[in-house]
Amino acid sequence: MIRAPRGTFDILPESHQRRKLLESAAERILGAAGYRRIETPTFEATELFARGVGEATDIVRKEMYTFDDGAGRSLTLRPEVTAPVCRAYLEHGMRKLPQPVKLWYLSTCFRAEAPQRGRYRQFWQFGAEAIGSDAPETDGELIVLLADLLEAVGVRPTRLRLSSLGTPATRAEYREELKAFLRAHEEQLAGDVRDRIDLNPMRAFDSGDAGTRAVMRDAPTLLDRLHPDDAEHFDAVRALLDEAGLTYELDPTLVRGLDYYTRTVFEFTSDALGAQSGVGGGGRYDGLIELLDGPPTPASGWAAGVERMLLATSELPTAPELVDLYVALANRDGARTAFELAVDARRAGLQAQQELAGRSLKGQLRHADRIGARYVAIIGDNGVATLKDMESGEEHDTGVGDVIPEILRAGTRT
Ligand code: AMP
């Protein structure tokens, strides 16, 4: 048997309903704030991600599905959607629209990661991007929108971590300062932290080693080194979140896996998830459009994983699927009449199905009951049908042509 590739999954009909609920919640919540939906291609020029996400990131170095298009061009299945949305913003001249341009998406992403619960190689992301505004209110709006979306679909309990990365220049200076600090305390650090001082000094903050933790209590943080403009911007974002009644934790060690972030960064996690606790996150990426050859354009956004949201919500209500009419056959002679009645019923706006499996009449009624049909019309001879109300059990004979009007008169369920 051929199976789906490792780390991928089928979305079966029974799980589709819960996804549709998430989609309509996103549509409602983001639409109300003026975000309009965009869909970009599944694959893009590899260079878009190499430049946009960053050559040095794990995503670009190890996790991309990259292939040759047969004509010498390198293409990549999108590992994220922010860079494609920025490409589309530039390609379609959206700079000329009133700014910021607010967009949202629901798209598949592809990353060659080691699969585990909540981590897949093809997964779905919701995302929202506001391009063309540097206002702290944009960051505040986006964070509150994601909080509202998580709340609306019942993702609980969530924690919000918040920080600011300042500018790339501040970050580079801070990195040198942190490296010097770590070197000065080298003998108190754990071996693996010491070995990684040059490669990844920020890792020292996550160490479980007691000696390292003691050293890190006095380590300089990036938040303490922000340029005054960036610090002011961050204070404004925090004040807005306080205003909106959102609780958050300041986490100066919050780093995200993509290089393009500047200033605000945030992440929502859920305790309902295991090791892969991140539900959604994002931040400001003021330099990205320029990296893609556009003019300096501030922007901010987030992405949230659909599968993680589904894992973290147990009770999404699912509505029963509706079947107004099941067209059954007393004998095979009625097959064409049954077909026509089912077609006409659908054209009249009813949910209608017909017998397709050669069941006995008893078997057809059992099947109609199982799928929750409200009425069954049993096609008999000479244009007569027996119309059975499956709720009350009442049944009577009527002309085939009267079946639809009778059901419509009784009113459809909503
Ligand atoms: P990122 O683009 O890495 O910031 O991820 C944004 C969100 O996408 C995360 O918070 C997760 O909810 C989700 N996500 C990222 N990678 C995966 C993956 N491999 N499988 C499932 N969801 C993912």
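The values are calculated or read from the model by the stated rules, or taken from the named source; none is laboratory data. Computed from a predicted model, the values in this text were never measured in an experiment. With ideal geometry, Cβ positions are generated from the backbone for all residues, glycine too; neighbour counts draw on all protein chains shown. The area values use the complete protein model at the heavy-atom level, side chains included, leaving out ligands, DNA and RNA. Shrake-Rupley method; radii C 1.70, N 1.55, O 1.52, S 1.80 Å.
Quantify, in whole percent, the carbon and sulfur part of the accessible surface of the stretch 198-246 (1.4 Å probe; protein heavy atoms only).
Looking at the stretch 198-246 in its full context, I get 44 percent from C and S.
Rolling a 1.4 Å sphere over the protein heavy atoms, what is the accessible area per residue of the stretch 315-370, to the nearest Å²?
64 Å²
Compute the acute angle (0 to 90°) between the alpha-carbon long axis of helix 228-243 and the principal axis of greatest extent of the alpha-carbon atoms of the chain; round to the nearest 10°.
Compared with the principal axis, the helix lies near 40 degrees.
In whole percent, and with a 1.4 Å probe on the protein chains, what portion of the accessible area of the stretch 272-394 is carbon and sulfur? Working shown, then result.
On the way: 2810 of 5810 Å².
Percent of accessible area from carbon and sulfur atoms in the stretch 272-394: 48.
May I ask for log10 I(q)/I(0) of the chain at q = 0.08, 0.12, 0.14 Å⁻¹, from a Debye sum over the Cα atoms as equal point scatterers with solvent left out?
Reported log10 I(q)/I(0), two decimals: -0.59, -1.00, -1.22.
Rounded to the nearest 0.05, what FRET efficiency is calculated for Thr386 and Asp10 with R0 set to 35 Å and r the Cβ-Cβ distance? List each step's numbers first, then the result.
Values: r = 39 Å, r/R0 = 1.13.
Working from the Cβ atoms, E equals 0.35.
How long is the gain from Arg117 to Leu361 if the chain were fully straight, where each residue apart is worth 0.36 nm and the alpha carbon distance is subtracted?
83.3 nm
Once the Cβ-Cβ distance between Arg346 and Ala275 is put in as r, and R0 is 35 Å, what FRET efficiency do you end up with, to the nearest 0.05?
Once rounded, the FRET efficiency stands at 0.15.
Keeping the other protein chains in place, figure out the carbon and sulfur percent of the accessible area of the stretch 124-193, with a 1.4 Å probe.
Percent of accessible area from carbon and sulfur atoms in the stretch 124-193: 50.
How much area per residue is accessible in the stretch 251-313 when the probe is 1.4 Å and only protein heavy atoms are counted (Å²)?
Ligands and nucleic acids excluded, the result is 28 Å² per residue.
Once the Cα atoms of helix 335-347 and of the chain are each reduced to a long axis, what angle between those two axes, in degrees from 0 to 90 to the nearest 10, is obtained?
Helix 335-347 sits roughly 50 degrees off the main axis of the chain.
Tell me the label-point distance for the pair Glu243, Ala231, using the 7 Å Cα-to-Cβ offset, in nm and rounded to one decimal.
Distance between label points: 2.2 nm.
Compute, for His227, the solvent-accessible surface of its heavy atoms (probe 1.4 Å) with the complete set of protein chains present, and express it in square angstrom to the nearest 10.
Answer for His227: close to 100 Å² accessible.
Under a 1.4 Å probe, what is the accessible area of the stretch 99-138 per residue, stated in Å²?
Details: 1330 Å² over 40 residues.
Here the residues of the stretch 99-138 average 33 Å² of exposed surface.
Given the rule -39500 (n - 2.57) for each run of at least 4 DSSP H residues, summed and divided by the residues of the chain, what is its mean residue ellipticity at 222 nm, to the nearest 500 deg cm²/dmol?
So the calculated ellipticity at 222 nm is -11000 deg cm²/dmol.
I need the calculated FRET efficiency for the pair Asp198 and Thr398, taking r as the beta carbon distance and R₀ as 60 Å, to the nearest 0.05.
Numbers: r = 84 Å, r/R0 = 1.40.
The formula returns an efficiency of 0.10 here.
Report the gain in length on full extension from Ala32 to Arg336: 0.36 nm times residue separation, minus Cα-Cα distance, nm rounded to one decimal. Kindly include the intermediate steps, with their values, before the conclusion.
Details: separation 304, 0.36 × 304 = 109.44 nm, distance 4.79 nm.
Length gained, Ala32 through Arg336: 104.7 nm.
Just going by the charge dipole of the chain, with Lys and Arg at +1 and Asp and Glu at -1 on Cβ, which of Leu288, Ala368, Ser163 is farthest out on the positive end?
Ala368
Could you pull out which residues in the stretch 104-130 have an amide N less than 14 Å from a spot 7 Å beyond the Cα of Met1, following the Cα-Cβ vector?
Under 14 Å, as judged by backbone N against the label point of Met1, lies no residue of the stretch 104-130.
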